[in-house]
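The next block holds one structure in the form of structure tokens; read it before the comments.
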Amino acid sequence: MSIETLRPILKDAKALVCGIANEHSIAYGCAKAFHELGAQLAITYATEKARSHVEPLAQALAAPIFMPLDVSHAGDLEALFARIEQEWGRLDVLVHSIAWAPKEDLQGGLLNCSAVPLMKNGGTMFTMSYYGANKVVSNYNVMGPVKAALEASARYLAYELGPKGIRVHPVSPGPLKTRAASGLKDFDLLLTEAANRAPLGELVDIMDVGFTCAFLATPYARRLSGETIYVDGGVHIMA
């Protein structure tokens, strides 16, 4: 099925996508998929240097909200949520594809997560993980335990937010050539191994991840929450 024939099942949905660095970012694949299915987008950029790469993508996706979000900078997150509240009055989808969270969101109950008040009619949250959260992957190093903690947090968040109609999904793509991945040692070898081991015989791309997230944000996935969703061509099932 081509993109052009897909139903606008997310028409009028309000989606915030954080973590786009360039056109190779997983977050960009998510944003593009949401756009293709009819959602309105709020897109953020981390720094002024990053803005030159992200702004053309936001314009191409007709994002009505485009704002800075350096999550280590006091006030950016509050300003973003205030803008969303003012212009949209709610939030339906949140994609977290950045490696940071406010200290306050990491302390106490997860229900204090600062995006929750905007999800007045329920919604869907996503965060990006990796196979190295559950199995040891050479050269993934400290990111393995970090991603394991991220997946555990997502499960607890799914439990706590379920009564509010908010679903939470850690999404675990296969290795992708993103800017973040470029810092891993011998990453090209990891790509080659994944392609060789995948039952489907090929690597995934950012749009595979994007359309998976888009599906999970639709009513078709209304009873799914808390599970780590692998988008890796089947690599994770292999011994």
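Computed from the coordinates by the stated procedures, all read-outs in this text should not be read as laboratory data. The structure presented is a predicted model; accordingly, all values stated were derived computationally and were not measured. No Cβ is skipped: glycine too gets one built from the backbone with ideal geometry, and neighbour counts run over all protein chains shown.
Quick rundown of the values:
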| quantity | calculated |
| --- | --- |
| Peptide ranges 52-63, 128-139 listed from the most packed, as the mean C-beta count within 10 angstrom indicates | 128-139, 52-63 |
| Axial C-alpha extent at least 18 Å, average Kyte-Doolittle at least 0.0 - helices from the chain (DSSP) | 143-161 |
| Charge dipole (debye, nearest 20) of segment 31-84; +1 at Cβ of Lys and Arg, -1 at Cβ of Asp and Glu | 120 |
| The chain - percent relative contact order, Cα under 8 Å, separation 6 or more | 21 |
| Check: segment 162-239 dipole with +1 on Lys, Arg Cβ and -1 on Asp, Glu Cβ, in debye | 480 |
| Placed amide H near PHE66: partners under 5 Å, 5+ positions off or other chain | ILE43 |
| Point-charge dipole on Cβ atoms (K/R +1, D/E -1) for the chain, about Cα centre, debye to 20 | 460 |
| Charge context of THR124, other residues only, Cβ under 10 angstrom, K/R +1, D/E -1 | +1 |
| Residues with amide H under 5 Å from that of LEU224, placed H, sequence gap 5 or more | none |
| FRET efficiency, 1/(1 + (r/R0)^6) with R0 22 Å, evaluated for TYR156 and GLU78 via beta carbons | 0.35 |
| Ordering of 209-217, 70-78, 149-157 by packing [mean C-beta count within 10 Å, highest first] | 209-217, 149-157, 70-78 |
| Net +/- balance of residues flanking ALA195 in space, Cβ distance below 14 Å, scoring K and R +1, D and E -1 | -4 |
